[in-house]
Amino acid sequence: MTDYNEIFENNKRWVATKTATDEKFFEKLALEQKPDYLYIGCSDSRVPTNEIMGLDAGEVFVHRNIANLVNNVDLNVMSVINYAVRHLQVKHIIVCGHYNCGGVKAAMESADLGLLNPWLRNIRDVYRLHKEELNAIEDEHAQYNRLVELNVQEQCVNVIKTAAVQQSYLADHYPTVHGWVYDIHNGELIDLKIDFEKILHEIQEIYDLTGTGRLMKKKGSK
């Protein structure tokens, strides 16, 4: 375990490293942020956002919560999406889950988890939507990993349901939504290549907030 005071020593070394290659690094960083990416991920301490993406400070706007949920009644994540889209004008929104996610595993268990119950119910709802596919998977670990992936898919759809994303995409053809999983066993990022066009074709008449009847049919397509 890292000693508390050591964190500040680590910070000094990090600052020195940055200014050694660019003495105006922090001066420029302080002026403004213009990230192309909004990353919505899990709070798990084993998933260091910037590092796994190979991006530096100022290049990715980040929101994290337990099990990377995009809940429409969570003002935190809704505010982040709205700010990222309308003000920062991000070009990509990434929902990234990870294998061995404790939140997803907890949602698979029949247990009263107190305050976590209403939060994890969102994942249980994902299980309900895909119950037939998940119950057909006999290996428990494989079933667990698949629920991680399906949870990412459903949270991506929740991102697309927001007015800010729909209106921005209709006007400017961005942001594009992506579903990823981080494999904690080897450090690799996996693009799930979700077929949003197919998914949105089935639900667009319900969730279209643009008044056009065109709920981004090409969302996620190349």
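Derivation of every value follows stated rules applied to the coordinates shown; laboratory data play no part. No experiment lies behind these values; they were computed from the predicted model shown. Note: ideal-geometry Cβ built from the backbone for every residue, glycine included; neighbour counts use all protein chains shown.
Annotations
- The fewest-to-most ranking of 61, 25 by surrounding Cβ atoms within 10 Å reads 25, 61.
- Exposure proxy order (Cβ contacts within 10 Å, fewest to most) of 154, 202: 202, 154
- Per residue convex hull volume, Cα atoms of the stretch 110-200, in Å³: 138
- Radius 9 Å from Cβ of residue 50, net charge of other residues (Lys, Arg +1; Asp, Glu -1): -3
- Whole-percent pair-distance distribution, where bins are 10 Å wide, for the alpha carbons of the stretch 36-207: 10, 39, 37, 13, 1
- 15 Å beta-carbon shell around residue 141, net charge (K/R +1, D/E -1): -4
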